[in-house]
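Working notes for the structure below.
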Amino acid sequence: MTEPLTREPASRKPILQVRNLVKHFPLTRGILFKKEIGAVKAVDGISFDLYAGETLGIVGESGCGKSTVAKLLMNLEQATSGEVFYKGEDITRLSGRALKAVRRNIQMVFQDPYTSLNPRMTVGDIIGEPFDIHPEVAPKGDRRARVRELLDVVGLNPEYINRYPHQFSGGQRQRIGIARGLALNPEIIICDEPVSALDVSVQAQVVNLMEKLQDEFGLSYVFIAHDLSIVRHISDRVGVMYLGRMAEIGTDTEIYEHPTHPYTQALLSAVPVPDPQARERRERIILTGDVPSPANPPSGCRFRTRCWKAEERCAQETPLLAVPSVFAGSDSPAAHESACHFAAEKDVVGSASVDAA
Amino acid sequence: MTVTDERTGAAAPVSTTPLLEVRDLHVEFHTRDGVARAVNGVDYSVNAGETLAVLGESGSGKSVTAQTIMGILDMPPGRITQGEILFHGQDMLTMSAEQRRKIRGRKIAMIFQDALSSLNPVLSVGYQLGEMFRVHQGMSRKQARAKSIELMDRVRIPAAKERIGDYPHQFSGGMRQRIMIAMALALEPELIIADEPTTALDVTVQAQVMDLLAELQREYNMGLILITHDLGVVADVADKIAVMYAGRIVETSPVHDIYARPAHPYTKGLLRSIPRLDQKGQELYAIKGLPPNLTRIPGGCAFHPRCPMAQDVCATDVPLLHPVGAERGSACHFWKETIGD
Ligand SMILES: Nc1ncnc2c1ncn2[C@@H]1O[C@H](COP(=O)(O)OP(=O)(O)OP(=O)(O)O)[C@@H](O)[C@H]1O
Ligand SMILES: Nc1ncnc2c1ncn2[C@@H]1O[C@H](COP(=O)(O)OP(=O)(O)OP(=O)(O)O)[C@@H](O)[C@H]1O
Ligand code: SF4
Ligand code: SF4
Ligand SMILES: [Mg+2]
Ligand SMILES: [Mg+2]
């Protein structure tokens, strides 16, 4: 379907380009006369590219805006400002038929396999539902056959077509969600915590399936998750979000082995390592304090209230997401985009020992 | 029995009776689809100052066992059909209700997974903490309040004095979980059962909460039963591990041995499914098949339909917990082969 990918970024084409994307949810008070008293700055100026055939992982703490980004990419939420270019066209401005055409190519798989499927619909109806909106993909007579094919692709028995969601386990339900996401032959699938609700053993089955389908159909994934080891396994590049902004973005090696943003360093050091030997060796950065409210984020660098390196400048000047000047022109893996005034490498022992098994 | 834990060394208190011991516990639920055998002969024990991690996939009976210990099992549909729960050697299932009440909630406390739903949304955090002291220790409002502030300080809620009147929704997830820990600690229990205490939290907050729990445990020399499915958290804090599958303990071991050399194919499969760096770009190892239906648990070894090592005998004979060295056990006919390769 797609030509083989070379790993050279220069020769790769972005399929999705996100520029200064902003989503503010208004905070109102009063019942009759709603007065706007502020806004939750859920996503506050995010830019990144998604290349054809790659997986971009997005990680970050609860409430940092990951799901909101996903919904903005799907155009399920109206952006406050900013652009999302799909093959050069800004989809935040599309409506009607043009939007429908684009939507066909960008699909979503949701977190919760227990609640995201309608319990009253059969599996066949759930997977075939997108054909109601896009009948051109599968003419009426072909639908059942197409649904059976999709069931087969995701490793479910096509005979199960008339069963209901409650008759399936969590992992099987997530497969149903993936089959529905594939129904319209999309190019991009946005996965919002697709395996977070599953057990380790079932998680591995679903991740393997997703990788297989990517190879087979040349799909591009945005993979949102809070399990950093799963994200590393599946991603080509990883973006780290904090409080509505992107703190750091780079290839998986750049982020996991050469993080330069203090937040990424803290995040990686806090990941529990499945190796009791590492207990004593690990040097963890325990962050103090709680994540500030996105309705009232700190000035300057959003991470400064918890950052051990914060200085005066961090409160005044917002650090931009760019290759830090200290690394400019260097071909070290530390030379990737990081939004910190004092970006520097730090050996994060915990993350390094994951591979020591 | 003079089993001293070598790793915790001299510091480990040596006592002949464990703080808590569960023996051959069986619990079933009567459901529309039949009898679900959720717990099928669980044995585990924990000493003062020790952390036992209970591991296993969703539905393996971890929480039901804990609920039975705490006396909060839904009965009906739940039914305890067999077994003993010994606290300092005394069976809680046969003692008088009066005696039991003195233990549960006071000497054994529980922390639940979802802090928001286990706190009452219409009462202030301070009131709910204070209630522990008013009800159990007959303190006055004023005394209880002072105690509550002290506890909130202890679990590091900043500006405890000012925040004592706040409601649960005004606290972050991590802070709410710390309030739950404070409540569990209020009466200085000897044993804490923590059921997925950090599953709903972020890694950075999770690290804060687990550190706090470990520190307080040391300070009070409490026993801790930590229920989780996070193999990383277990490696970080546990002294010993009990792995559950289909309502039974399939492997028990000190923490170091099990990660290095699992003695049960299920444990081995779990450990192998963790993504590792050197496997990037390859398929993850996945245990094949599905968790068993508890109304129709496979005969013989319950794991046999999914086990890569299964032989004919596995479908017919239930494997007992074979001793593997002094402190370990594996409920597998072929534990030697499992540990060997
Ligand atoms: N419809 C909405 N109205 C008001 N606030 C919202 C709405 N949706 C999200 N938010 C807020 O926006 C912020 C970002 O939410 P989002 O769901 O994107 O976070 P997330 O990173 O996906 O978190 P999690 O890891 O918990 O899923 C949160 O503070 C959330 O409360
Ligand atoms: N009140 C109840 N009525 C009927 N069945 C129940 C009840 N409580 C638990 N069960 C069943 O008992 C089995 C064991 O449940 P339990 O909650 O102990 O699992 P668990 O190991 O804690 O799993 P998880 O990791 O998902 O929390 C499950 O199959 C569950 O459906
Ligand atoms: S800009 Fe300042 S506060 Fe922000 S991460 Fe860098 S050092 Fe810390
Ligand atoms: S007893 Fe047989 S089926 Fe069960 S775990 Fe051992 S080898 Fe596998
Ligand atoms: Mg989300
Ligand atoms: Mg449970």
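The values are calculated or read from the model by the stated rules, or taken from the named source; none is laboratory data. This one's a predicted model, so the numbers in the text were calculated from it and none came from an experiment. Counting neighbours? That spans all protein chains shown, and the Cβs are built from the backbone with ideal geometry, glycine included. Just the protein is used for accessible areas: all its heavy atoms, side chains included, with ligands, DNA and RNA removed. Shrake-Rupley method; radii C 1.70, N 1.55, O 1.52, S 1.80 Å.
According to a simple spin-label model (label point 7 Å from Cα along Cα-to-Cβ), what is the distance in nm between B:Met75 and A:Gln316?
6.9 nm
Within the stretch A:124-149, what residues put their amide N at less than 16 Å from the label point 7 Å along the Cα-to-Cβ vector of A:Asn118?
Of the residues in the stretch A:124-149, A:124-135 have backbone N under 16 Å from the label point off A:Asn118.
For the stretch B:100-142 and the stretch A:312-336, write down the distance between their C-alpha centroids in whole Å.
The distance from the Cα centre of the stretch B:100-142 to that of the stretch A:312-336 comes to 49 Å.
Grab the DSSP H runs of chain B that are 4 residues or longer, score each as -39,500 (n - 2.57), total them, divide by all residues and round the 222 nm result to the nearest 500 deg cm²/dmol.
Value at 222 nm, helices only: -9000 deg cm²/dmol.
Extension gain B:Gln311-B:Glu219, at 0.36 nm per residue separation less the Cα-Cα distance, in nm?
On the way: separation 92, 0.36 × 92 = 33.12 nm, distance 4.85 nm.
Value of the extension gain: 28.3 nm.
Give me the compactness ratio for the stretch B:32-143, meaning the Cα radius of gyration over 2.2 N^0.38 Å. Before the final figure, lay out the partial values.
On the way: Rg = 16.7 Å, N = 112, 2.2 N^0.38 = 13.2 Å.
Normalised Rg, Cα atoms only: 1.26.
Under 4 °C and 1.567 mPa s, how fast does the stretch B:214-341 diffuse according to Stokes-Einstein, given a Kirkwood radius computed over C-alpha pairs? Answer in µm²/s, whole number. Please report the intermediate quantities before stating the final value.
Numbers: Rh = 15.9 Å.
It diffuses with D of about 81 µm²/s by this estimate.
Got a sec? Which residues in the stretch A:289-308 would a label at B:Asp211 touch, if it sits 7 Å along Cα→Cβ and we count backbone N under 19 Å?
What the label zone holds, given the 19 Å backbone N cut-off, is A:289-292, A:303-308.
Starting from the Cα of A:Lys309, draw a straight line to each of the aspartates and glutamates and keep only those under 14 Å, dropping any in the same chain fewer than 8 residues away.
Within the straight-line cut-off, A:Lys309 pairs with A:Glu345.
For the stretch A:225-269, what does the relative contact order come out to in percent, with C-alpha contacts under 8 Å and a separation of six or more?
Values: 42 pairs, mean separation 12.7, N = 45.
Relative contact order for the stretch A:225-269 comes out at 28 percent.
Per residue, how big is the convex hull around the C-alpha atoms of the stretch A:211-327? Give it to me in cubic angstrom, could you?
On the way: hull volume 17.0 nm³, N = 117.
Taking only Cα atoms, the stretch A:211-327 has a hull volume of 145 Å³ per residue.
Buried by at least 40 Å² relative to the chain on its own: which residues of the stretch A:233-278 qualify, computing accessible area with a 1.4 Å probe on protein heavy atoms?
Residues passing the criterion (a loss of at least 40 Å², heavy atoms only) are A:His233, A:Ala270, A:Pro272, A:Pro274, A:Pro276.
Once neighbouring chains are kept in place and the probe is 1.4 Å, which whole percent of the accessible area of chain A is contributed by carbon and sulfur? Show your work: numbers first, answer last.
On the way: 7950 of 15800 Å².
The C+S portion of the solvent-accessible surface of chain A is 50 percent.
Take the Cα of B:Arg261, step 7 Å along the line toward its Cβ, and report every residue of the stretch B:219-252 whose backbone nitrogen sits under 19 Å from that point.
B:240-243, B:251-252
Computed FRET efficiency, Cβ-Cβ of B:Arg23 and A:Lys34, R0 45 Å: what is it to the nearest 0.05?
Values: r = 61 Å, r/R0 = 1.36.
Given R0 = 45 Å and the Cβ-Cβ separation, E is 0.15.
For A:Thr253 paired with B:Glu327, estimate the spin-label separation in nm (one decimal), with each label point 7 Å from Cα along the Cα-to-Cβ line.
So the two model labels end up 4.1 nm from each other.
Limiting things to C-alpha atoms, what are the Rg and the maximum Cα-Cα separation (Dmax) for the stretch B:117-188, in angstroms?
10.8, 30
Once you have the Cα-Cα distance between B:Thr31 and B:Val122, take 0.36 nm times their residue separation minus that, and quote the gain in nm to one decimal.
On the way: separation 91, 0.36 × 91 = 32.76 nm, distance 3.38 nm.
Full extension of this stretch gives 29.4 nm more.
For the residue pair A:Phe85 and A:Glu345, what label-to-label distance in nm results when each label sits 7 Å from Cα along the Cα-to-beta-carbon direction?
That separation, rounded to one decimal, is 3.3 nm.
A drop of at least 10 square angstrom in accessible area, chain alone versus all protein chains together, probe 1.4 Å. Which residues of the stretch A:146-193 meet that?
With the partner chains in place, the stretch A:146-193 has these residues losing at least 10 Å²: A:Ser169, A:Gln172.
Enumerate the calculated ³J(HN,Hα) couplings along the stretch B:38-44 in order (Karplus 6.51 cos²θ - 1.76 cosθ + 1.60, θ = phi - 60°), each rounded to whole Hz, writing x wherever the residue is Gly or Pro.
Computed from phi, the couplings for the stretch B:38-44 are 7, 10, 10, x, 8, 10, 7 Hz.
Could you work out what % of the accessible surface of chain B is carbon and sulfur, using a 1.4 angstrom probe and leaving DNA, RNA and ligands out of the count? Before the final figure, lay out the partial values.
Details: 7690 of 15250 Å².
C and S atoms contribute 50 percent here.
For chain B, what are the DSSP H helices with axial Cα length of 15 Å or more and mean Kyte-Doolittle hydropathy of at least 0.0? Let's see the in-between values first.
Numbers: long enough: B:125-137 (18 Å, -0.26); B:141-154 (20 Å, -1.34); B:173-185 (18 Å, 0.68); B:203-220 (25 Å, 0.11).
Length and hydropathy pass: B:173-185, B:203-220.
Over 22 Å between C-alpha atoms is what I'm after, so list which of A:Lys41/B:Lys161; B:Lys240/B:Lys336; B:Lys62/B:Lys107; B:Lys62/B:Lys240 land there.
On the way: A:Lys41/B:Lys161 30 Å; B:Lys240/B:Lys336 20 Å; B:Lys62/B:Lys107 20 Å; B:Lys62/B:Lys240 15 Å.
The pairs that break the limit, which is 22 Å between Cα atoms, are A:Lys41/B:Lys161.
Assigning unit charges at the beta carbon (Lys, Arg +1; Asp, Glu -1) and nothing else, what dipole magnitude in debye, to the nearest 20, does chain B show about its Cα centre? Working shown, then result.
Values: 36 positive and 39 negative charges, 183 e Å.
Around 880 debye, computed over chain B.
Have a look at chain B and give its Rg and Dmax from the Cα atoms, expressed in angstrom.
20.9, 68
So what is the calculated 222 nm ellipticity per residue for chain A, using -39500 (n - 2.57) for each DSSP H run with n of 4 or more, over all residues, to the nearest 500 deg cm²/dmol? Write down the numbers at each step before the final one.
Values: 12 runs with 106 residues, N = 357.
That calculation yields -8500 deg cm²/dmol at 222 nm.
Round to the nearest 0.05 the FRET efficiency obtained for B:Gln137 and A:Ile133 when R0 = 60 Å and r is the Cβ-Cβ distance.
According to the calculation, E is roughly 0.45.
With the Cα gyration tensor of the protein assembly as shown in hand, give its eigenvalues times 5 under a square root as the equivalent ellipsoid semi-axes, listed largest first in whole angstrom. Walk me through the numbers on the way to the answer.
On the way: eigenvalues 347, 219, 134 Å².
After scaling each eigenvalue by five and taking roots: 42, 33, 26 Å.
Would you tell me the accessible area of A:Arg304, worked out with a 1.4 angstrom probe on the heavy atoms of the protein chains, in Å² to the nearest 10?
Using a 1.4 Å probe on the heavy atoms, I get roughly 70 Å².
Please give the per residue accessible area of the protein assembly as shown, computed with a probe of 1.4 Å over protein heavy atoms only, in Å².
Details: 31050 Å² over 698 residues.
The answer is 44 Å² per residue.
In Å², nearest 100, what accessible area do chains B and A bury in total when the solvent probe is 1.4 Å?
Details: alone 17050 and 17650 Å², together 31050 Å².
Buried surface at the B/A interface: approximately 3600 Å².
With point charges of +1 on the Cβ of Lys and Arg and -1 on the Cβ of Asp and Glu, referenced to the Cα centre of the stretch B:117-188, which listed residue (B:Ala146, B:His169, B:Val135) lies farthest in the positive direction of the dipole?
Value computed over the given set: B:Ala146.
On a straight-distance basis, which aspartates and glutamates could pair with A:Lys346 in a cross-link, Cα separation under 14 angstrom, same-chain partners fewer than 8 positions away excluded?
In chain and number order, the partners are A:Glu254, A:Glu257, A:Glu283.
With the solvent-accessible surface defined on protein heavy atoms using a 1.4 Å probe, which residues belonging to the stretch B:203-222 display a reduction of at least 30 Å² in accessible area in the multichain context relative to the isolated chain?
By number: B:Val203, B:Thr204, B:Ala207, B:Gln208, B:Asp211.
Kindly flag which residue pairs out of A:Lys23/A:Lys66; A:Lys212/B:Lys268; A:Lys71/A:Lys100 have an alpha-carbon separation exceeding 21 Å in this structure.
Values: A:Lys23/A:Lys66 11 Å; A:Lys212/B:Lys268 24 Å; A:Lys71/A:Lys100 15 Å.
Over 21 Å Cα-Cα: A:Lys212/B:Lys268.
What number does chain A give for Rg over Rh if you use C-alpha atoms and the Kirkwood radius? Could you put the intermediate results ahead of the total?
On the way: Rg = 21.4 Å, Rh = 21.8 Å.
Answer for chain A: 0.98.
Each residue of the stretch B:249-255 in turn: what ³J(HN,Hα) in whole Hz from Karplus with 6.51, -1.76, 1.60 and θ = phi - 60°, glycine and Pro shown as x?
Computed from phi, the couplings for the stretch B:249-255 are 7, 9, 8, 9, 6, x, 4 Hz.
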